[in-house]
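Visitor: Encoded as structure tokens, here's the structure I'll be asking about.
Values in this text are rule-based calculations from the coordinates and carry no lab data. In this text, all values refer to a predicted model and were calculated from it rather than measured experimentally. With ideal geometry, Cβ positions are generated from the backbone for all residues, glycine too; neighbour counts draw on all protein chains shown.
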Amino acid sequence: MKRALGQIVFALLMAGQFAGLFGAQSMVSASPALTLVPLNSANSTAAFSEWVNQIDSVRLMEHVSALTHCGSRHVSSGNEGADWGIGVARRYIHGQFSAMAQSSAAVVETQEFFAPWSGVQSALYNEIATLPGTDPTAGAIVIGAHYDSLNLQNQNGSAPGANDNASGVAAVLELARVLSARPHRATLVFVAFSGEEIGREGSIAFVRDYVPAHTLDIRAMINLDVIGGSVSEQGAVNDTEIRLFSAAEDNSASRQLARSLQAYSGFYGAELRVLMQDRLDRVGRYGDHQSFSDAGYPAVRFISVMENPWHQHTVMDTMDDIDPAYLQRAARTVLTVTLALADGLPSPLEATIAQADGSTSLTWQPVADAQSYVIAIHPAGSLTYDALYEVSADALSATWTALELSNVAGAAVAARDAAGQIGLFSPEQRLT
Ligand SMILES: [Zn+2]
């Protein structure tokens with residue numbers, strides 16, 4: 001066994017999935033001996049499961065059905081039609097948000113904006129429900145999905161857009177219903193965007209006009225776009241994983257948010273494994289998260305691993321392509337990471353990393369109510385925080401030697417509360 005130089009004892013919060021780079025055999029400490037704590041701490045997971053289990057595939061599919069049965073949700077399909085056009089979908093979403101507002105403190109708004117389509121300035125509408133947070137310093141988390149659809153062969157034809165993106169909107173509606181059952185530390189803003197298929201018009205208008213008008217202090221934006229399918233056009237199946245895209249570079253605010261969400265998903269045992277992607281989006285494609293990251297807000301996109309490009313943006317993107325169990329797992333995974341962001345303790349301030357005498361130290365300022373601190377290690381060449389360690393509440397620093405941890409690109413620290421929940425991570429402190 002190697003001996004640590006420092007006096008700090010790490011408790012290793014490690015599950016099998018994080019064991020690759022820093023196996024337990026490489027972790028040592030001075031006395032007392034290293035304590036190995038299972039990553040999926042039962043009480044932490046249990047606290048979330050009662051919420052996560054409320055996400056229901058039957059409700060999700062009811063939303064998908066309602067949204068796909070208005071013929072088309074193309075931006076030119078009409079706001080006034082009784083049973084055809086994007087207006088039907090908008091009224092449905094507004095009605096769902098309004099029902100939630102009846103039994104919660106949520107506030108429902110419609111944002112009108114104008115965007116050019118076929119040479120004409122058209123009125124388009126974002127639907128927004130805001131659940132005020134209990135801590136004014138905690139800022140806002142935006143959870144969004146676009147509800148417009150597209151039929152590339154025939155602009156005026158049927159455009160069911162079941163996967164793209166009734167699936168994402170259904171999840172936003174279900175997340176809003178479940179999360180509005182009680183207030184959270186952070187303000188939660190649920191948005192159904194219009195105009196995504198014609199160039200992210202709705203999210204651009206939201207960032208440009210709505211955010212400053214409401215002085216929203218956005219700490220995170222989570223975009224759900226195409227999250228209901230588990231089968232590729234060639235029949236390959238993946239119903240256990242979900243991709244997470246975010247803007248480069250490796251230490252951008254969006255990439256750090258993505259890493260945090262990936263770590264939460266592992267810690268809380270989310271139903272889908274979250275696959276960090278080294279890109280803003282798929283090649284040649286885009287999504288509403290980009291409108292936020294372009295404006296400097298941390299933003300990510302969840303999307304299924306499998307897509308069917310033969311069906312996307314055609315009359316064939318129907319409910320038949322939705323896997324209800326997968327959509328439920330996807331929505332539950334997003335709920336898991338959203339709960340961590342929304343309820344977790346604030347991030348420690350003044351996190352600083354320094355190297356001296358062969359050791360590396362991360363230091364930070366205390367967080368009220370912290371029961372311990374969790375250190376996330378980001379190895380060079382990895383997209384994720386591959387290991388989480390814990391130090392006691394009075395430590396306010398963690399020190400390791402190159403023998404204990406090598407190849408470290410950066411580290412971040414979060415406070416852990418009495419319920420065992422990991423709070424928000426500090427900005428990552430980089431060594432490389
Ligand atoms: Zn889409």
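Visitor: GluC sites (Glu not before Pro) within the range 333-432: which are DSSP loop residues with at most 13 other Cβ atoms inside 10 Å?
Guide: Numbers: sites: 350, 390, 404, 428; in loops: 350, 404, 428.
Those that pass, being in a loop and sparsely packed, are 350.
Visitor: Now a separate question. Within a 10 angstrom radius of the beta carbon, how do 242, 198 rank from fewest other beta carbons to most?
Guide: Numbers: 242 24, 198 19.
Starting with the residue having the fewest Cβ neighbours, the order is 198, 242.
Visitor: Give me the one-decimal nm value for the distance between modelled label points at residue 105 and residue 155, 7 Å along each residue's Cα-to-Cβ direction.
Guide: Spacing of the two 7 Å Cα→Cβ label points: 4.5 nm.
Visitor: Report the full-extension gain for the segment residue 79 to residue 275: residue separation times 0.36 nm, less the Cα-Cα distance, to one decimal in nm. Kindly include the intermediate steps, with their values, before the conclusion.
Guide: Values: separation 196, 0.36 × 196 = 70.56 nm, distance 3.78 nm.
Residue separation times 0.36 nm, minus the Cα-Cα distance, leaves 66.8 nm.
Visitor: Restricting the count to DSSP beta bridges whose residues both fall in the chain, what percent are antiparallel, rounded to a multiple of 5?
Guide: Counting DSSP beta bridges with both partners in the chain, the antiparallel share is about 70 percent.
Visitor: What FRET efficiency comes out for residue 393 versus residue 134 if R0 is 22 angstrom and r is the Cβ-Cβ distance? Round to the nearest 0.05.
Guide: Working: r = 22 Å, r/R0 = 1.02.
About 0.45, to the nearest 0.05.
Visitor: Cβ under 9 Å from residue 251's Cβ, residue 251 left aside: what net charge do those residues give with Lys, Arg +1 and Asp, Glu -1?
Guide: On the way: positive: 255, 430; negative: 249, 250, 428.
Taking every Cβ under 9 Å from that of residue 251, the sum is -1.
Visitor: Taking only complete DSSP H runs, can you tell me which helices of the chain stretch 30 Å or more along their own long axis by Cα positions and average at least 0.0 on the Kyte-Doolittle scale? Mind dumping the intermediate values first?
Guide: Details: long enough: none.
Taking the DSSP H segments of the chain (at least 30 Å long, mean hydropathy at least 0.0), we get none.
Visitor: State, to one decimal in nm², a quarter of the convex hull surface area for the C-alpha atoms of the range 48-343, i.e. the direction-averaged projected area.
Guide: Values: hull surface 55.4 nm².
With the hull built on Cα positions only, its mean projection is 13.9 nm².
Visitor: So, one more: Taking only Cα atoms and a 10 Å spring cutoff, compute GNM fluctuations for the chain and point out the largest among 149, 361, 180.
Guide: Answer for the Gaussian network model of the chain: 361.
Visitor: Further question: Compute the orientation-averaged projected area for the range 291-356 from the convex hull of its Cα atoms and round it to one decimal in nm².
Guide: Details: hull surface 34.4 nm².
So the mean shadow area of the Cα hull is 8.6 nm².
Visitor: Before anything else, pin down the relative contact order of the range 48-343: Cα pairs under 8 Å, at least 6 apart, normalised by residue count, whole percent.
Guide: Working: 682 pairs, mean separation 69.0, N = 296.
So the answer I get is 23 percent.
Visitor: While we're looking at this one, here's another question. Mind checking which of 138, 270, 213 has the largest fluctuation in a GNM of the chain, springs on alpha carbons under 10 Å?
Guide: For the chain, modelled as a Gaussian network with Cα springs under 10 Å, the answer is 213.
Visitor: Something else now. Compute the distance in nm between two label points, each set 7 Å from the Cα along the Cα-to-Cβ direction, one at residue 368 and one at residue 62.
Guide: With each label point 7 Å from Cα toward Cβ, the separation is 4.1 nm.
Visitor: Where the centroid of each part is defined by its Cα atoms, how far is the range 352-401 from the range 402-432 in Å?
Guide: 5 Å
Visitor: Rank these for me by crowding, 137, 68, 352, going from fewest to most other beta carbons within 10 Å. If you can, show how the numbers build up before the last one.
Guide: Working: 137 9, 68 24, 352 12.
Final ranking by Cβ density, sparse to dense: 137, 352, 68.
Visitor: Please give, to one decimal in nm, the separation of the simple spin-label points placed at residue 182 and residue 419, each 7 Å out from Cα toward the Cβ.
Guide: If labels sit at residue 182 and residue 419, their model points lie 0.5 nm apart.
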